[in-house]
Structures are given as structure tokens and as C-alpha cells.
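Derivation of every value follows stated rules applied to the coordinates shown; laboratory data play no part. In this text the structure is predicted, and so the values were computed from the model without any measurement. With ideal geometry, Cβ positions are generated from the backbone for all residues, glycine too; neighbour counts draw on all protein chains shown.
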Amino acid sequence: MSEMTWQQLRDLDCGAIRTLGDAWKTYVDGQLDQTERLRADVVDGHLSVEHYESDTATMVRDQITMAADRYEDDLSDYATTRIATTLFEAAEALQKEQDELKELIPLIEQCDFDIEGDEHEYDVNLSGDLHQAILTLSPPQWLCDKVGIAKPDGFWDRDTLKALLNGVDLYGTAIELAGQYQDWLRAAMSRAHDADDDAAAALKEMRENPTELPPQFGAMYDDLVDDYKEGVSEEVANEARAIAEGTSGMSPEQVNQWWEGLSDAEREALVEEHPEWVGPVDGIPVESRDTASRTLLDNEIDSLGSQIAAKEQALNGMDPESEEYEQARTELDDLKQDRQDLTSLQSEITEDDGTPKTAGEADQPYYLLGFDTEGSGRAIVSIGNPDTADNVNTYVPGTTSSLGGATGGLMDRTRTMADDAHFYDPHSATATVLWLGYDAPDTIFPEAIDSKWAEEGADELESFTQGIRATAEGEPSNLTLTGHSYGTTMVGTAAATEGVDADNLTFIASPGVSVDTASALGVDEDNVWSSTNDEDIIQYGPVHGTAPVNEEFGGNTFTSDSPREPSEPWKFWEGAGKNHSSYWDTEDRETGPNTSSRSNQAYIVTGQEGKVQ
Amino acid sequence: MAGADVFAMDPDEVRKSVEVLFEIEGEVRQHAESMAAQNAESAGPLKDAGTALGPALEEAGEWWRIHRAGGFCGLVGNTGEYLAVCAEEAVEVDDYHSGVFASIAGDLYPDRSNANASARPDW
Amino acid sequence: MKASRGRPEPGRLARPLGAAVAAVTVLFATACSNLKEDMEAAPPEAEYTQAEAYVPMEAAAAESVAALEGFPGFEKRSWTEMPCSHNGVDDPDYTKIEIRYLFALPDSETDLVREQFVDALRDHWTALGYRITTDDSVEDTDRTDRNLVAVRDDGISLWYAVGGYVGLFIGSGCVPVSDTSEIEYIAPAGGIEPGGPNDRVSDYFPGGIPVTHEAVAPFESPDHYDDAL
């Protein structure tokens, strides 16, 4: 596990990591010259059939060819995809967080804050000197500037000082800033540790279940070589299974390299025979995932049909008064609900003739990237192909979102976003993804107050964004994550703790994004956007950190009204609730549609930030 | 048409193949050693910096050198030695072991007999 | 003397989250009554159900374009919906209809459609007694976008949106959901071929769009659409 301290991260030579990656790639190229020589000079040269013909000769040529094939696979799979790519990805990720520290640490030092504690949970506290300065009413210039007073010059009498500082909360202000820096520092360290651990895992897993080498000539060679050849034929399947089960340690980029290294026949075989190893995997191109996922969906619906029939039959044989019957009845209802949800999903995205449906004014096909019936259910559906689109908008929904809802309100919102993107930028292609890839809270109280749903989903969302980058054809897309209500907490948590590879973050109706400052999100603050006056205001927020629409949070807002401030900082229920009159706050018969929220979201998604108001 | 009873060999060409195989074996081993050394050198500061990557990287480099590049070298060397034998005398593959190489062709490749003894699995 | 950070200040919620939840729970006792009231608040009474809303909405669209001199015709119509949410939770019993009429892209790029029609509708809707709730524009290097929104007393909104395309979006506000079977077909305004490829309402008519349905809205289509078709 990563144990890097902030000093160690700050001083790390990331360039050297990248250089080593280059060295491995150069090494690999040189080694390929050797295998080329083996084939050209030996198999097709001195040892060709014109110079040596016999059963033994054939066997020896085969052996050399197998050795060359195996070494080339190793050079590709291990030396390049695992070792070199891990080094490049680690260098990039660590460099990014190092750059964050280079910005943050001087700020902490300038404020005379101390960094204390363990590298996995640093505290940023007021130093003793700073405490003293505040206590003796001689606050430093930066603090005076922040609370908006002139700096006492040391000659002022006590009464003058008290008057100056009356109503000004020096401690509160300093602590709030320290808290923001703490969030920022913890987030940068969390992401760095995560990247470090991921890199180590990729290298460690490589050694766990490596492929076999061909046997050497000697006793039992004939049997051993037959076993070897059989093993080779199963290799792709074994690799695909490990990737799908999450035990391979490979990043989506590495998975993509592996996928691209397969033959067409191998890829087709996987899609047809093992869609479960293709459909949900980040790093495999969207079209293949869609084909596989649709097959999985059909199969799952059929399977549920059989399970339902079996359960009904079992019920017939039970005593209706028994507990066993009650239990089975409940199970039957659950199965039926699952089948209904999945059937709705299927008909949402599929024409009667089995071809994909298209959506919206730009007539974009639906692509299915994942689904699950467990818990509240999951559904990942894209309108348009993210691999080829210029812009990708990923909508992360909130509380009560479920698989059932994926064919109702959630998809309506997704379609509206897709239409708006096309409306505001007719000349570029935008893919809009409904990402219900986490188990969303079922209730406002108590579930949406808990951060665990977001914490549990963070890995998945990180992986999803890395997958988008890995499978993109041509230039990387302009990637926006748009969270709604608890979805913003999901996005914020993933961005802060693991890192999301996104260009823009948009928070709508947020109860808090898990950190108190936009700086902690790992995305350029200029590209962090918040709005509250979209469809409604979260009445119970903020509970997951400072509401991102508040000025202290940083980033940008596009509320049409100013955010509602509470009478005391901690009376957060007042903030949102003041003067609240209607059920759906602004989207109602008084004010009509919130046009600026719709257009601003579309401008952000399509890279037209110049038009955001 | 090649069949079980077809046998034709140009021993000089076979011996040239053996040379190439031994050359490749040596070069690959040497390059792997130097890559692993460079890898270990870069892993050092990463280990000192408390990263998880550092130790994992060092182990990966060694694993590559010993098992993958090393495995390939073993195959190439073993094939070369078997071929060296075949150029002198027909030996069934099931009957082959490194002692056979030593007795039948060892003299032709004096620097192999001892230098690579440890690489032969059956010694 | 090195000062410690001390107990969490009331000025900010303390970390870790465990402590925060404890603090928040205490504060919730006070907040709960405010919030409970709000959460038990009923949605407002809507003038129309979903099924009832389409007629006046389509009428509003047709009536608006009748007032536009030089109207070149619309290219596309879509019937769409958006969820109604409260406290960040979508309410499955309500929906928000949006009827979207889009001009063709070449027409969307003309001054007539982007500017003059905005002015004409502003005057027209004001004269009809609708409240203008949004009237803004944003100028960028490539184009100027505009929004003009009028809201009627029955809750129906009319949004003339000038973006990359130009469109007229009619909104219902939050209305109680109707079963698809209750929704009746209305022929589109603006010269769009009823039931044709640009009449995007087929999701509501799984058996096919009933173009010969007698419930074609009884408003007049000016003759000058002919050259736009």
C-alpha cells in the first residue's frame, strides 16, 4: 500500500518514471528484432525445409516458432501493456497530483498553517503562532484581507481594535480556509495513493497467473507440448475472465491494449460466446460492449422467465398459510419486478426487429453498456457513441434512482440533455450517457445523508471515465460529468478520492459534493459548475460538505438568482428553505422553464463556455 | 511430399542455425540483464519515496528477466543444443537430455558445456 | 506553547464524517419540523392532466406561428417529457411535457428567424396578456443566442429558443401523468407532415400514428407553407 508522504510526492521525479517507460518500449522494439531474426534467419533460413526435412525438422521449426510467438506475446502483454503502460499511467497521475501540491503547499505555508498527521489523513491546522496572532488581535495581512478589515498597525488601543474586529470572525474564517486546504490536500494525496496502488496492483497481478512457456525438448515432450497448445487456446478466455472479474489489475487503457491485440476472430468469439466478459468491461470499445450487453439482457430476461415458472410451480406445491409460501411469494414478486424492469429497458432501446432504437432530434442510436438488478439496480445507457463523439456528457442521477427509473424520468432527462446539446451545437456529435453505475440511495432520510453510496461507487465512476478515454477513436472527447442531487455527491466523491478523467464537472441541485472546495476535485476550477435553481432546491442540504453554489466553494455557478444564505453558517436548513413557496421551486407556473440552466448545461457540454451566463 | 520416411539434411546449414540460436540466446539474456538493472535502478528512488510502485516494479523487472526473457533464452538454448546433436546423430526427442548434448556435441561448443550447465533442467 | 485545533468550531462542520453525522443529527432535530412540513407539502394543483395538456399546448404553438410574418415553416416536431423533482427526488406521478418545434438549420441561421421573430413574439405574447418571464441574449464570437419565455395563467409556457437551431418549445409545467392510451394525436403546426418522419410522436402511439384521426386541431394553416415543404 502506498505510504508516500506529501513531501515525498512533491519531490518525486515523475520524469524518471516516464523515462523508464520509454526504456522498456525501446527494449521491446529491440527484442522484436531478435524474434524477427529467429523467424527469418532460422525457420525460413538456415533451418528451412530445403536444408532440413524430416519429422524432427518440422518439430524443431514448430518449437522455434512457438518460442518466438510466446516471447512476442510476452513482450506485448507483459513488457509493454503491463510494465511500460503502468509506468506511463503512473507518471501522468502522480505528476498531476504533484502539480496540485506545488500550488497548494505554498498557500498553506503562507497562511502559517501546519500539516499534521498521517499521510492517509492529513490535518491542516492553525499553527501556534497563528493562534497567538489572532488571540492578541494582530492578525496577519491575508486574514485581514479575507475578513475585509484593515490590518491593525500595532499602535491602536484596545477599544479601537475591538471596534475594528467587532462582528468579524477571525477564527472562523481561518479555520474555514484551513478546512478547505485540508480537503484539497487529502484529495490530492488520496488520488496519488490510489494511482500508486493501482500501478502496483497491475504489476503484481501480472505475476500471479502468467501464461505457460512451451516445454523444452526432452522426456515427455510430446505430451507436454500437447498440453501447452491446449493451454494456449484457452489463454484469451482466461485473460478475459480475469479482466471481467476484476482480478487482472489492469486499467481500462491496458484492457484496451489487450483487446486491440486480439485477432478479429478472438474478439468475435468473446462477444458471442462470453458476452458477460465483454459487456460491462471499461476499456472494450462501445460497439462491442453494446452487442454483448444486449445479448446478456436477452439471456437474463429469458432466464428470469424460467426462474419465475419454476417458482410458480414450487408455490403450487406449498401450503399457502406457511412461512415458506410467504418467502417464496416475495421471491416470486422480486423476480417478476426484475423481469419487468429489464423488459422495459430492452424495449426502451430496441426496435421490434431487434435493431437498436434511435433517440432524439439527432437520431442517435442507444448503446447499452451495463445493467444489474441487484439493490436499486444499475443501468448504463448512452445516446450516441462515446467512442466517436466530439463531446460526452455523463449524467449521474441521485436519490431513488433505480433500474426501473432508467426507462422513466432518468431517460427523459438524458434525452433532453441529448437534444439540448444538439440544439446548441448542431455541428458536433455529443453522446449523452445515463450512468446509474452505483447503488443510489433509496430515501432522503436516512439514506441520502450517508456518504457510503458515493464511496462505494467511486471506483466504478473512475473506471468509467478512464474507459471513455481508452476507447476513444481519434482525439479525446470533451468529457463532462453532470450530477443531479446525490449524483453530485457521487461525482464529487469519485473526483476527490480516486480521480475522474473529465474535463468538466457540473453539479445540479447539490446537497454537497463531499469536499468544501472546488480545488479538491482534481479538475480545473474554471471547469467546475454548479446550479441550484434548476428543477428544485435540496431542502435538506448541504449535508455532504459546503454547497458548491456557495462562494467559498470556488468554481463557477450559473444560478439565475443569488444563492440563499442562512442566518447562521450552521443553520443550513434555512438557506434553502427561506421564502420557499412552491413544491418544485422554480420550474413552475410562476417562472416557466429555467432556460439558462438548460442552455448553460448544453454550452458546457459542447465546449461553448464563452456563452455561459 | 514430406512424409515419415523423408529425410534430408544439410549439416552445415543446421550448424549455422545452431550458431544463430546461441547468438540470439546470448543477446537476449544480456539485454534482459541490462534492462532489469536499469529497472532496478529506477525502482530505488521510488521505494525510498514510500510508493507501492517501487517494490512492485523491482519485482516485476526481476520476474521478467528470470522467467520470461529467461524462459525464452532457455528454450532457444535447449533447441540449439538439440539441433547441434541432430546435426551429428539422430536422437529421438523423448530420449534427449543435456547429457546427450555434452557427449555428442559438447566438444564442438566448448564454452557451452559448463557455462550453461545450470540452465539445463536435467543436470 | 503549541495550540491545538481544539473542539470543532460551530463555524464549520467537523471531520471525520462520523463526528459530522453526530453533530448534524442534533441539528436535524430542529430542522426536521421545517423539512417534514415541506416534504409533506402537496404538489400544486395543475390545470391540466398530461393528456389534457396537449390540445392547448399545440394550439398555443400554432397560434404563435400564425403571428409570424414570413414564417418559413418548421422542420421537426417532438413530444418529449422531463421529470418533476422535489428535494432531488423525481416524483413518478408527475411529468413535464415539452413540445419541441425546430426550424431547419438554414432557416435557423437567418436574421428573420433569430431576431425579428423574437421581437414579433414579444409583442404578440405581451398583447395576449402572457407574462414575459425571460428575455435575454448572449453574444459570442460566432453567434448571438436568445431566449424569450412567456407564461400563461393556465401554466403553459412558450419558449422561443435561439441557439444553434431555433425552436419553439411549449411547456406544460408539472402535470399529473396520464396513461399513454389516454393521449390523443394532434396534427403538428408549422407545415410538418402529420405522421411523417419529422413528426416525432410515435412513442405515444405504439400502434402507429393515426394521421386520419379526426382530432386534428381546428386551427388554420396559412397557405404559404407550400413552398417550405
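A few points about this structure:
- Projected label distance in nm at residue A:374 and residue A:5, using a 7 Å step from Cα toward the beta-carbon: 4.0 nm
- Within straight-line reach of residue A:162, meaning a Cα separation under 15 Å, sit the following aspartates and glutamates at least 8 residues removed in sequence or on another chain: A:153.
- Note on residue A:445 and residue B:10: their simple-model spin labels are 9.2 nm apart, each label 7 Å out from Cα toward Cβ.
- Over 31 Å between alpha carbons, listed pairs A:336/A:357; A:146/A:452; A:96/A:611; A:204/A:452; A:229/B:47; A:102/A:151: A:146/A:452; A:229/B:47
- Amide H contacts for residue A:440 (H built 1.01 Å from N in the peptide plane; partners 5 or more residues away or on another chain; cut-off under 5 Å): A:376.
- Whole-Å distance, taken between Cα centres, linking segment A:172-201 and segment A:359-431: 31 Å
- A DSSP coil position with no more than 16 other Cβ atoms inside 10 Å describes the following GluC sites (Glu not before Pro) in segment A:205-253: A:212.
- Reachable aspartates and glutamates, given that their alpha-carbon falls under 14 Å from the alpha-carbon of residue C:76 and they are not under 8 places away in the same chain: A:361, A:363, A:419, C:58, C:98, C:107, C:193, C:199
- In range of the label at residue A:299: residues from segment A:258-276 whose backbone nitrogen is under 16 Å from the point 7 Å along Cα→Cβ: A:267-276
- Along chain B, longest interval not containing exposed GluC sites (Glu not before Pro), exposed being DSSP loop plus at most 11 other Cβ atoms within 10 Å: B:1-88
- Were the residues from residue A:310 through residue A:58 laid out at 0.36 nm apart, the gain over their Cα-Cα distance would be 85.0 nm.
- The residue A:19 and residue C:110 beta-carbon pair, evaluated with R₀ = 51 Å, returns a calculated FRET efficiency of approximately 0.35.
- In this simple spin-label model, placing a label point 7 Å from the Cα along the Cα-to-Cβ direction at both residue A:334 and residue A:227 gives a separation of 4.4 nm.
- In this structure, residue A:50 and residue A:344 have a Cβ-Cβ separation that, at R0 = 60 Å, corresponds to a calculated FRET efficiency of about 0.35.
- Figure legend: label point modelled 7 angstrom from the Cα of residue A:160 along Cα→Cβ; no residues of segment A:106-134 have amide N under 17 Å from it.
- For chain B, pairs of C-alpha atoms spaced more than 22 angstrom apart make up 48 percent of the total.
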